[in-house]
Structure formats: C-alpha cells, structure tokens
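Notes for the one structure printed next.
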Amino acid sequence: MAAWVSCLGTAEPLDAVAARLERHGLDVEETEVHDGPLAELFDRVEARLRMACAAPTNLPGLVAEEVERGLELARIAQQTVVACHLGYGVVIARLP
C-alpha cells in the first residue's frame with residue numbers, strides 16, 4: 001500500500017500530535033492548520049439555526065429551546081476557534 005490515511009481526534013495542539021507520531025517512528029513532513037473552514041462551519045450552523053428561528057411557522061416550545069441552545073453552542077464554538085482553543089489541522093507523516 002502506497003499510503004495510509006488516518007483520522008485522529010484529540011484535544012491536543014497540532015505540534016503535540018506531530019511529536020507523538022515522531023516518537024512512534026514516523027517522519028513528520030508537514031503540519032497544516034485549517035481553522036478557517038472550521039470557523040466557517042460554525043458560521044453556517046449559526047445561520048441555519050437563525051433561519052429556523054425566523055421561519056414563519058411557530059416552533060414547538062421544546063424545539064425552540066433547543067434551537068436557542070444550539071445558537072449558544074455555535075457562538076461558544078466560534079469564540080473558541082477565534083481564541084485558538086479549538087482548531088482543525090492536518091499532520092502529514094510517513095514511515096522512514
């Protein structure tokens with residue numbers, strides 16, 4: 001197999017993930033930060049939730065509360081990306 005692709009979800013900085021891969025014998029060739037698309041995703045989620053609130057039909061009480069909670073979570077997620085506490089990145093590594 002010419003290449004393997006793996007997804008690693010972790011609550012670590014990108015450089016810590018790269019260091020772990022190196023400790024396990026891989027050569028890290030590149031790291032890429034892609035926080036912009038993550039922030040855009042949260043923007044789209046917030047926009048869609050706002051559209052749900054603005055819809056002419058009345059949302060049942062429980063659904064309306066959940067939409068409001070979703071808006072709050074979207075705002076918090078956006079703030080954590082801006083503050084560099086949440087992000088998305090890629091580490092490109094290969095066996096020596």
Residue, modelled with the highest pLDDT, within the range 27-82, restricted to residues that are exposed (fewer than 14 other Cβ atoms within 10 Å of the Cβ), over 21 Å from the mean Cα position of the chain (by Cα) and in a helix (DSSP H, G or I): Met51
Matching residues, the range 13-26, being surrounded by 12 or more Cβ atoms within 10 Å (Cβ to Cβ) and closer than 16 Å to His85 by Cα: Pro13, Leu14, Asp15, Val17
Unmet criterion (only one of (1) assigned to a helix (DSSP H, G or I); (2) in contact (Cβ under 8 Å) with a residue 40 or more places away in the chain; (3) in contact with a helix residue (DSSP H, G or I) (Cβ under 9 Å, 6 or more places away or on another chain)) for Leu21: (3)
So which of Ala16, Ala93 is in a helix (DSSP H, G or I) and among the aliphatic types (A, V, I, L, M)? Ala16
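The values are calculated or read from the model by the stated rules, or taken from the named source; none is laboratory data. Source: prediction; values computed, not measured. No Cβ is skipped: glycine too gets one built from the backbone with ideal geometry, and neighbour counts run over all protein chains shown.
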